[in-house]
1. Find the residue count for the range 118-133, including only residues that are without any contact (Cβ under 8 Å) to a residue 40 or more places away in the chain and surrounded by 13 or more Cβ atoms within 10 Å (Cβ to Cβ).
2. What number of residues within the range 38-59 satisfy the criterion of being more than 22 Å from K151 (Cβ to Cβ) and in a helix (DSSP H, G or I)?
3. Hey, A162 hits all of (1) out of contact with any strand residue (DSSP E or B) (no Cβ under 7 Å at 6 or more places or on another chain); (2) of a type in the set (A, V, I, L, M); (3) surrounded by 13 or more Cβ atoms within 10 Å (Cβ to Cβ) but one; which does it fall short on?
4. Being without any contact (Cβ under 8 Å) to a residue 40 or more places away in the chain, more than 13 Å from C124 (Cα to Cα), among the polar types (S, T, N, Q) and out of contact with any Lys or Arg (no Cβ under 7 Å at 6 or more places or on another chain) is the requirement here; does T61 meet it?
5. Take the residues in the range 60-76 that are in a helix (DSSP H, G or I) and buried (at least 19 other Cβ atoms within 10 Å of the Cβ), then tell me which one is farthest from the chain's Cα centre (by Cα).
6. Test L168 against the stated conditions and say whether it is at pLDDT 75 or above, hydrophobic (A, V, I, L, M, F, W, C) and under 14 Å from the mean Cα position of the chain (by Cα).
Amino acid sequence: MKFRRRTLAQIADMICGNFPDEESFFEYRSSSYLTEFFADIDTEYRHDGSTRQWWVVDVLTDILSGPQSSPNIPPEVFCRMIELLMDPADAKNEGEGRPGALSLLNASLKHEGFEAFYAEDGRCYVRHIPTNTVSAPGPNPHRPFTASELKRREQLVSFLDAASEDDLTEQVLLPLFRQLGFERITAAGHKDKALEYGKDVWMKYTLPTTHVLYFGLQVKRGKLDASGASRGSNANVAEIHNQALMMLGHEIFDPEIAKRVLVDHAIIVAGGEITKAARAWIGNALDASKRSQILFMDRDDVLNLFVVTNLPMPEPSWLTDPPL
(Lines give C-alpha, C1' and ligand atoms only; values in the text may rest on other atoms or scores of the structure.)
Protein backbone atom coordinates (compact mmCIF):
# COMPACT_ATOMS: atom_id res chain seq x y z
CA MET A 1 0.00 0.00 0.00
CA LYS A 2 1.24 3.46 -0.88
CA PHE A 3 0.28 6.82 0.68
CA ARG A 4 1.21 10.19 -0.77
CA ARG A 5 4.32 11.66 0.82
CA ARG A 6 2.38 14.75 1.89
CA THR A 7 -0.04 12.55 3.86
CA LEU A 8 2.85 10.72 5.52
CA ALA A 9 4.55 14.03 6.38
CA GLN A 10 1.37 15.23 8.11
CA ILE A 11 1.04 12.01 10.13
CA ALA A 12 4.77 12.18 10.94
CA ASP A 13 4.23 15.68 12.38
CA MET A 14 1.55 14.22 14.68
CA ILE A 15 3.84 11.41 15.81
CA CYS A 16 6.69 13.86 16.44
CA GLY A 17 4.39 16.44 18.05
CA ASN A 18 5.68 19.23 15.78
CA PHE A 19 3.15 21.86 16.85
CA PRO A 20 3.27 24.84 19.24
CA ASP A 21 2.90 23.33 22.70
CA GLU A 22 -0.13 25.38 23.74
CA GLU A 23 -1.98 24.41 20.54
CA SER A 24 -0.84 20.81 20.10
CA PHE A 25 -3.14 17.82 20.52
CA PHE A 26 -0.12 15.46 20.40
CA GLU A 27 2.80 14.86 22.75
CA TYR A 28 6.22 16.07 21.62
CA ARG A 29 8.56 13.13 21.01
CA SER A 30 12.31 13.53 20.92
CA SER A 31 14.68 10.99 19.34
CA SER A 32 14.57 8.45 22.19
CA TYR A 33 10.80 8.75 22.53
CA LEU A 34 10.34 8.09 18.81
CA THR A 35 12.33 4.88 19.21
CA GLU A 36 10.18 3.99 22.22
CA PHE A 37 6.98 4.79 20.29
CA PHE A 38 7.82 2.38 17.48
CA ALA A 39 9.04 -0.26 19.96
CA ASP A 40 5.60 -0.10 21.61
CA ILE A 41 4.01 -1.33 18.37
CA ASP A 42 6.45 -4.27 18.25
CA THR A 43 8.83 -2.95 15.61
CA GLU A 44 12.60 -2.54 15.71
CA TYR A 45 12.98 0.94 14.21
CA ARG A 46 15.53 3.11 16.05
CA HIS A 47 15.90 6.81 15.35
CA ASP A 48 19.25 7.42 13.68
CA GLY A 49 19.68 11.09 14.62
CA SER A 50 18.40 12.47 11.31
CA THR A 51 15.55 14.98 10.97
CA ARG A 52 12.72 13.45 12.98
CA GLN A 53 9.85 14.17 10.59
CA TRP A 54 11.56 12.73 7.50
CA TRP A 55 12.87 9.74 9.44
CA VAL A 56 9.28 8.96 10.53
CA VAL A 57 8.07 9.39 6.92
CA ASP A 58 10.60 6.78 5.80
CA VAL A 59 9.52 4.44 8.61
CA LEU A 60 5.83 4.82 7.70
CA THR A 61 6.66 4.18 4.04
CA ASP A 62 8.42 0.96 5.05
CA ILE A 63 5.52 -0.09 7.29
CA LEU A 64 2.96 0.51 4.52
CA SER A 65 4.99 -1.66 2.16
CA GLY A 66 4.59 -4.60 4.57
CA PRO A 67 2.10 -7.50 4.33
CA GLN A 68 -1.64 -6.74 4.37
CA SER A 69 -4.46 -8.98 5.55
CA SER A 70 -6.90 -7.13 3.26
CA PRO A 71 -6.36 -4.99 0.15
CA ASN A 72 -8.63 -2.32 1.66
CA ILE A 73 -6.91 -2.05 5.06
CA PRO A 74 -3.34 -0.85 5.78
CA PRO A 75 -0.88 -3.36 7.28
CA GLU A 76 -1.63 -4.30 10.88
CA VAL A 77 1.50 -2.51 12.14
CA PHE A 78 0.20 0.77 10.69
CA CYS A 79 -3.19 0.21 12.36
CA ARG A 80 -1.44 -0.45 15.68
CA MET A 81 0.52 2.77 15.17
CA ILE A 82 -2.72 4.74 14.70
CA GLU A 83 -4.20 3.12 17.81
CA LEU A 84 -1.15 4.05 19.90
CA LEU A 85 -0.98 7.59 18.48
CA MET A 86 -4.65 8.13 19.37
CA ASP A 87 -4.56 6.54 22.83
CA PRO A 88 -7.18 8.43 24.89
CA ALA A 89 -4.76 8.53 27.84
CA ASP A 90 -2.43 10.77 25.77
CA ALA A 91 -5.02 13.51 25.21
CA LYS A 92 -3.48 16.99 25.33
CA ASN A 93 -5.24 20.38 25.35
CA GLU A 94 -8.60 18.65 24.87
CA GLY A 95 -10.99 16.33 26.63
CA GLU A 96 -12.21 12.77 26.28
CA GLY A 97 -12.63 11.46 22.75
CA ARG A 98 -9.76 13.60 21.42
CA PRO A 99 -11.91 15.46 18.84
CA GLY A 100 -9.09 17.85 17.86
CA ALA A 101 -6.53 15.08 17.31
CA LEU A 102 -9.08 12.92 15.48
CA SER A 103 -10.01 15.81 13.18
CA LEU A 104 -6.36 16.46 12.28
CA LEU A 105 -5.68 12.78 11.63
CA ASN A 106 -8.77 12.32 9.48
CA ALA A 107 -7.98 15.45 7.47
CA SER A 108 -4.85 13.58 6.35
CA LEU A 109 -6.27 10.05 6.06
CA LYS A 110 -9.27 11.11 3.93
CA HIS A 111 -6.90 11.88 1.02
CA GLU A 112 -6.08 8.16 0.96
CA GLY A 113 -9.70 7.01 1.34
CA PHE A 114 -9.51 6.17 5.06
CA GLU A 115 -10.82 7.53 8.33
CA ALA A 116 -10.05 6.83 11.98
CA PHE A 117 -12.76 6.43 14.62
CA TYR A 118 -13.16 5.40 18.25
CA ALA A 119 -15.17 2.24 18.89
CA GLU A 120 -17.11 1.38 22.02
CA ASP A 121 -14.04 -0.30 23.52
CA GLY A 122 -12.24 3.08 23.51
CA ARG A 123 -9.68 2.02 20.89
CA CYS A 124 -9.04 3.84 17.63
CA TYR A 125 -9.59 1.86 14.42
CA VAL A 126 -9.13 2.59 10.72
CA ARG A 127 -12.00 2.33 8.21
CA HIS A 128 -11.72 2.20 4.42
CA ILE A 129 -14.38 4.72 3.37
CA PRO A 130 -15.45 3.29 -0.06
CA THR A 131 -15.92 -0.29 1.20
CA ASN A 132 -16.52 0.39 4.93
CA THR A 133 -13.89 -2.27 5.77
CA VAL A 134 -12.60 -1.91 9.34
CA SER A 135 -9.21 -2.92 10.74
CA ALA A 136 -9.48 -6.15 12.73
CA PRO A 137 -10.00 -5.61 16.51
CA GLY A 138 -8.00 -8.62 17.63
CA PRO A 139 -5.14 -10.94 16.70
CA ASN A 140 -5.54 -12.41 13.22
CA PRO A 141 -3.57 -15.65 12.81
CA HIS A 142 -4.35 -15.79 9.09
CA ARG A 143 -2.69 -12.51 8.09
CA PRO A 144 0.77 -12.41 6.48
CA PHE A 145 3.62 -12.25 9.01
CA THR A 146 6.39 -9.67 9.17
CA ALA A 147 10.06 -10.72 9.02
CA SER A 148 10.45 -10.45 12.81
CA GLU A 149 7.28 -12.51 13.35
CA LEU A 150 8.53 -15.21 10.98
CA LYS A 151 11.76 -15.33 12.99
CA ARG A 152 9.79 -15.76 16.25
CA ARG A 153 7.71 -18.49 14.58
CA GLU A 154 10.89 -20.40 13.66
CA GLN A 155 12.10 -20.09 17.26
CA LEU A 156 8.83 -21.57 18.49
CA VAL A 157 9.11 -24.42 15.96
CA SER A 158 12.54 -25.27 17.42
CA PHE A 159 11.03 -25.22 20.92
CA LEU A 160 8.15 -27.53 19.97
CA ASP A 161 10.51 -29.98 18.28
CA ALA A 162 12.31 -30.54 21.59
CA ALA A 163 9.53 -29.84 24.12
CA SER A 164 7.72 -32.46 26.16
CA GLU A 165 3.94 -32.66 26.33
CA ASP A 166 3.99 -30.85 29.68
CA ASP A 167 6.20 -28.10 28.18
CA LEU A 168 3.73 -27.68 25.33
CA THR A 169 0.84 -27.44 27.79
CA GLU A 170 2.35 -25.27 30.51
CA GLN A 171 4.62 -22.93 28.54
CA VAL A 172 2.70 -22.50 25.30
CA LEU A 173 -0.99 -23.38 25.62
CA LEU A 174 -1.71 -21.99 29.09
CA PRO A 175 -0.21 -18.53 28.39
CA LEU A 176 -1.86 -18.51 24.95
CA PHE A 177 -5.38 -19.23 26.19
CA ARG A 178 -5.00 -16.75 29.07
CA GLN A 179 -4.03 -14.10 26.52
CA LEU A 180 -7.07 -14.99 24.41
CA GLY A 181 -9.43 -14.28 27.31
CA PHE A 182 -10.09 -17.73 28.79
CA GLU A 183 -10.50 -17.90 32.56
CA ARG A 184 -9.89 -20.34 35.39
CA ILE A 185 -7.41 -22.34 33.32
CA THR A 186 -6.54 -25.51 35.24
CA ALA A 187 -3.97 -28.05 34.07
CA ALA A 188 -4.20 -31.64 35.26
CA GLY A 189 -0.64 -32.48 34.24
CA HIS A 190 0.59 -36.03 33.94
CA LYS A 191 1.58 -36.85 37.51
CA ASP A 192 -1.84 -38.17 38.50
CA LYS A 193 -3.60 -39.73 35.53
CA ALA A 194 -6.57 -40.73 37.69
CA LEU A 195 -7.60 -37.09 37.95
CA GLU A 196 -7.64 -36.38 34.21
CA TYR A 197 -10.71 -38.25 32.87
CA GLY A 198 -9.44 -37.43 29.38
CA LYS A 199 -8.73 -33.77 30.13
CA ASP A 200 -5.26 -32.23 30.20
CA VAL A 201 -6.67 -28.73 30.77
CA TRP A 202 -10.08 -27.29 31.53
CA MET A 203 -11.07 -23.64 31.33
CA LYS A 204 -14.03 -21.38 30.78
CA TYR A 205 -14.90 -18.45 28.55
CA THR A 206 -17.45 -15.75 29.38
CA LEU A 207 -19.51 -14.56 26.42
CA PRO A 208 -20.53 -10.88 26.06
CA THR A 209 -24.01 -12.01 27.17
CA THR A 210 -22.40 -13.20 30.49
CA HIS A 211 -23.15 -16.84 29.63
CA VAL A 212 -20.24 -19.15 30.40
CA LEU A 213 -18.89 -21.95 28.18
CA TYR A 214 -16.57 -24.65 29.53
CA PHE A 215 -13.74 -26.10 27.46
CA GLY A 216 -11.52 -29.11 27.90
CA LEU A 217 -8.18 -29.53 26.14
CA GLN A 218 -6.76 -32.90 25.10
CA VAL A 219 -3.09 -32.28 24.31
CA LYS A 220 -0.80 -34.56 22.31
CA ARG A 221 2.80 -33.67 21.58
CA GLY A 222 3.14 -35.44 18.22
CA LYS A 223 1.13 -36.01 15.07
CA LEU A 224 -2.44 -37.36 15.07
CA ASP A 225 -3.06 -39.92 12.36
CA ALA A 226 -5.54 -42.61 11.44
CA SER A 227 -3.17 -45.58 11.65
CA GLY A 228 -4.22 -48.74 13.42
CA ALA A 229 -2.34 -47.97 16.65
CA SER A 230 -0.23 -45.28 18.28
CA ARG A 231 3.43 -45.40 17.29
CA GLY A 232 6.15 -43.40 19.05
CA SER A 233 5.11 -39.75 19.31
CA ASN A 234 2.26 -40.26 16.82
CA ALA A 235 -1.16 -40.82 18.39
CA ASN A 236 -4.08 -42.74 16.92
CA VAL A 237 -7.10 -40.51 16.42
CA ALA A 238 -9.50 -43.22 17.64
CA GLU A 239 -7.86 -43.12 21.09
CA ILE A 240 -8.12 -39.32 21.12
CA HIS A 241 -11.77 -39.61 20.08
CA ASN A 242 -12.50 -41.82 23.09
CA GLN A 243 -10.71 -39.39 25.41
CA ALA A 244 -12.69 -36.47 23.94
CA LEU A 245 -15.95 -38.32 24.60
CA MET A 246 -14.83 -38.97 28.17
CA MET A 247 -14.09 -35.28 28.49
CA LEU A 248 -17.56 -34.27 27.29
CA GLY A 249 -19.29 -36.82 29.52
CA HIS A 250 -17.49 -36.10 32.78
CA GLU A 251 -18.34 -33.23 35.14
CA ILE A 252 -15.80 -30.74 36.46
CA PHE A 253 -16.09 -28.68 39.63
CA ASP A 254 -16.02 -24.91 39.23
CA PRO A 255 -15.07 -23.45 42.64
CA GLU A 256 -16.19 -19.96 41.63
CA ILE A 257 -19.83 -21.04 41.49
CA ALA A 258 -19.43 -24.11 43.76
CA LYS A 259 -21.13 -26.37 41.23
CA ARG A 260 -20.27 -29.31 39.03
CA VAL A 261 -20.63 -28.55 35.33
CA LEU A 262 -20.22 -30.40 32.04
CA VAL A 263 -17.64 -29.45 29.43
CA ASP A 264 -19.35 -27.77 26.47
CA HIS A 265 -16.51 -28.17 23.95
CA ALA A 266 -13.46 -30.39 23.65
CA ILE A 267 -10.41 -28.98 21.88
CA ILE A 268 -7.94 -31.54 20.55
CA VAL A 269 -4.51 -29.86 20.36
CA ALA A 270 -1.62 -31.55 18.57
CA GLY A 271 1.97 -30.37 18.75
CA GLY A 272 2.36 -31.89 15.29
CA GLU A 273 0.10 -32.29 12.28
CA ILE A 274 -3.47 -33.57 12.40
CA THR A 275 -3.59 -35.51 9.14
CA LYS A 276 -6.48 -35.25 6.68
CA ALA A 277 -7.23 -38.92 7.25
CA ALA A 278 -7.48 -38.32 11.00
CA ARG A 279 -9.82 -35.36 10.54
CA ALA A 280 -11.96 -37.38 8.12
CA TRP A 281 -12.11 -40.34 10.50
CA ILE A 282 -13.21 -38.34 13.50
CA GLY A 283 -15.69 -36.37 11.38
CA ASN A 284 -17.32 -39.64 10.29
CA ALA A 285 -17.25 -41.04 13.82
CA LEU A 286 -19.13 -38.14 15.35
CA ASP A 287 -22.87 -37.79 15.04
CA ALA A 288 -24.41 -34.39 14.31
CA SER A 289 -24.96 -33.59 18.00
CA LYS A 290 -21.28 -34.05 18.89
CA ARG A 291 -19.64 -32.67 15.75
CA SER A 292 -19.81 -29.04 16.88
CA GLN A 293 -18.47 -29.95 20.33
CA ILE A 294 -15.06 -31.23 19.21
CA LEU A 295 -12.60 -28.68 17.81
CA PHE A 296 -9.09 -29.16 16.39
CA MET A 297 -5.84 -27.23 16.69
CA ASP A 298 -2.67 -28.52 15.07
CA ARG A 299 0.90 -27.19 15.17
CA ASP A 300 0.29 -24.45 12.59
CA ASP A 301 -2.74 -23.13 14.51
CA VAL A 302 -0.74 -22.98 17.75
CA LEU A 303 2.26 -21.34 16.08
CA ASN A 304 0.24 -18.66 14.32
CA LEU A 305 -1.87 -17.74 17.34
CA PHE A 306 1.16 -17.63 19.64
CA VAL A 307 3.03 -15.28 17.28
CA VAL A 308 0.18 -12.81 16.62
CA THR A 309 -0.63 -12.50 20.33
CA ASN A 310 3.02 -11.44 20.84
CA LEU A 311 3.69 -13.68 23.84
CA PRO A 312 7.26 -14.09 25.11
CA MET A 313 9.13 -17.12 23.80
CA PRO A 314 8.97 -20.15 26.14
CA GLU A 315 11.98 -22.02 27.49
CA PRO A 316 12.22 -25.81 27.83
CA SER A 317 11.66 -27.15 31.33
CA TRP A 318 15.22 -28.46 31.57
CA LEU A 319 16.43 -24.83 31.36
CA THR A 320 13.98 -23.44 33.91
CA ASP A 321 13.63 -26.26 36.49
CA PRO A 322 15.87 -25.84 39.56
CA PRO A 323 18.54 -28.53 39.99
CA LEU A 324 17.67 -31.41 42.31
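The values are calculated or read from the model by the stated rules, or taken from the named source; none is laboratory data. Note that the structure is predicted; figures quoted are calculated from it, not measured. Reconstructed Cβ throughout: ideal geometry from the backbone, glycine too, with neighbour counts over all protein chains shown.
1. 3
2. Residues flagged as more than 22 Å from K151 (Cβ to Cβ) and in a helix (DSSP H, G or I) within the range 38-59 amount to 7.
3. Every listed condition holds for A162 apart from (3).
4. Working: without any contact (Cβ under 8 Å) to a residue 40 or more places away in the chain: no; more than 13 Å from C124 (Cα to Cα): yes; among the polar types (S, T, N, Q): yes; out of contact with any Lys or Arg (no Cβ under 7 Å at 6 or more places or on another chain): yes.
No.
5. Residues of the range 60-76 in a helix (DSSP H, G or I): 60-64, 76.
The next check asks that each one be buried (at least 19 other Cβ atoms within 10 Å of the Cβ); those that pass are 60, 63, 76.
Numbers: L60: 23, I63: 19, E76: 12 Å.
Filtering first and then ranking leaves L60.
6. Numbers: at pLDDT 75 or above: yes; hydrophobic (A, V, I, L, M, F, W, C): yes; under 14 Å from the mean Cα position of the chain (by Cα): no.
Against the criterion (at pLDDT 75 or above, hydrophobic (A, V, I, L, M, F, W, C) and under 14 Å from the mean Cα position of the chain (by Cα)), L168 does not qualify.
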